[in-house]
1. Name every residue in region 107-121 that is surrounded by 13 or more Cβ atoms within 10 Å (Cβ to Cβ) and without any contact (Cβ under 8 Å) to a residue 40 or more places away in the chain, in order of residue number.
2. Would you point out the residue of region 60-92, among those that are in a helix (DSSP H, G or I), aliphatic (A, V, I, L, M) and crowded, with 19+ Cβ neighbours inside 10 Å, that is nearest to the chain's Cα centre (by Cα)?
3. If we keep just the residues of region 38-69 that are in contact (Cβ under 8 Å) with a residue 24 or more places away in the chain and of a type in the set (S, T, Y), which is nearest to K6 (Cα to Cα)?
4. Identify, please: which residue in region 1-28 is polar (S, T, N, Q) and closer than 16 Å to K100 by Cβ and is, among those, modelled with the highest pLDDT?
5. Closer than 14 Å to V88 by Cβ, of a type outside the set (F, W, Y), in contact with a Leu (Cβ under 9 Å, 6 or more places away or on another chain) and assigned to a helix (DSSP H, G or I), is that true of L129?
6. What number goes with the only condition from (1) without any contact (Cβ under 8 Å) to a residue 40 or more places away in the chain; (2) assigned by TED's automatic domain parsing to the domain that holds A7 that V88 does not pass?
7. Looking at L95 and the list (1) under 19 Å from the mean Cα position of the chain (by Cα); (2) at pLDDT below 90; (3) surrounded by 10 or more Cβ atoms within 10 Å (Cβ to Cβ); (4) not charged (D, E, K, R), which single condition is not satisfied?
Amino acid sequence: MTREEKAVVISNLSKKFAEFDHFYVTDSSALTVSQINKFRKFCFEKGVHYEVVKNSLIAKALETTATDYTEFNKAVLKGSSGIIFTTVGNLPGKLLKEFKTTTSIDKIVFKGASIDSSFFIGENTLDQLASLKSKNELIGEIVGLLQSPAKNVISALLSGEQKIAGLVKAIAEKKESES
């Protein structure tokens with residue numbers, strides 16, 4: 001790969017790091033070409049892009065960001081590396097777990113992730129990442145919680161409306177019978 005080609009790759013990666021707040025790094029070196037292609041297709045179907053990139057190029061592209069990735073680079077950028085970029089922080093975690101279980105290809109290794117500049121390193125953090133709630137899921141929960149008291153008040157008022165009407169009718173009938 002020439003210097004110009006490397007510069008283009010670094011530039012493209014830098015743009016992706018600026019565009020996406022979340023990325024995962026995997027090691028797929030134990031996979032065959034057909035298994036890697038199957039994984040790429042699986043990623044594409046889920047709306048994420050997977051590409052294998054040299055560690056030195058990833059490190060150079062990470063240097064262009066505002067976050068200090070020194071410790072992340074030391075722990076994660078070893079051996080073969082593939083990157084998954086996403087706008088939803090938990091999607092690649094779920095995707096990796098699903099791919100391993102549905103295809104029984106468990107040779108792909110999760111090395112680390114950066115979620116909103118927080119680092120998750122090692123295969124043991126994959127379950128934690130997959131169980132994270134996405135921004136939309138959290139917003140939905142908050143809206144549901146905020147709507148709950150209002151629904152209860154409206155429900156109480158509506159049920160009370162019938163009771164009040166019944167009481168007014170009973171009082172009116174009582175006055176009529178007394179007259």
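The values are calculated or read from the model by the stated rules, or taken from the named source; none is laboratory data. Keep in mind it's a predicted model, so treat the numbers as computed, not measured. Don't worry about glycine lacking a Cβ; one is built from the backbone with ideal geometry, like all the others, and counts go over all protein chains shown.
1. F120
2. In this case the residue turns out to be L91.
3. Of all residues in region 38-69, those in contact (Cβ under 8 Å) with a residue 24 or more places away in the chain come to 38-39, 42-43, 46-55, 57-58, 60-62, 64-65, 67, 69.
Okay, now just the ones that are also of a type in the set (S, T, Y), so 50, 64-65, 67, 69.
Values: Y50: 18, T64: 15, T65: 18, T67: 22, Y69: 20 Å.
The selected residue is T64.
4. At the first step, the residues of region 1-28 found to be polar (S, T, N, Q) are 2, 11-12, 14, 26, 28.
Next, only the ones that are closer than 16 Å to K100 by Cβ stay: 26, 28.
Values: T26: 93, S28: 87.
Step by step, filter region 1-28, then rank; the result is T26.
5. Numbers: closer than 14 Å to V88 by Cβ: yes; of a type outside the set (F, W, Y): yes; in contact with a Leu (Cβ under 9 Å, 6 or more places away or on another chain): yes; assigned to a helix (DSSP H, G or I): yes.
Criteria met by L129.
6. Unmet condition: (1).
7. Every listed condition holds for L95 apart from (2).
Listed here are the residues, each with its yes/no results for (1) surrounded by 14 or more Cβ atoms within 10 Å (Cβ to Cβ); (2) touching a strand residue (DSSP E or B) at 6+ places or on another chain (Cβ under 6 Å).
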residue	(1), (2)
E4	no, no
V8	no, no
L13	yes, no
L31	yes, no
Q35	yes, no
K38	yes, no
C43	yes, yes
Y50	yes, yes
S56	no, no
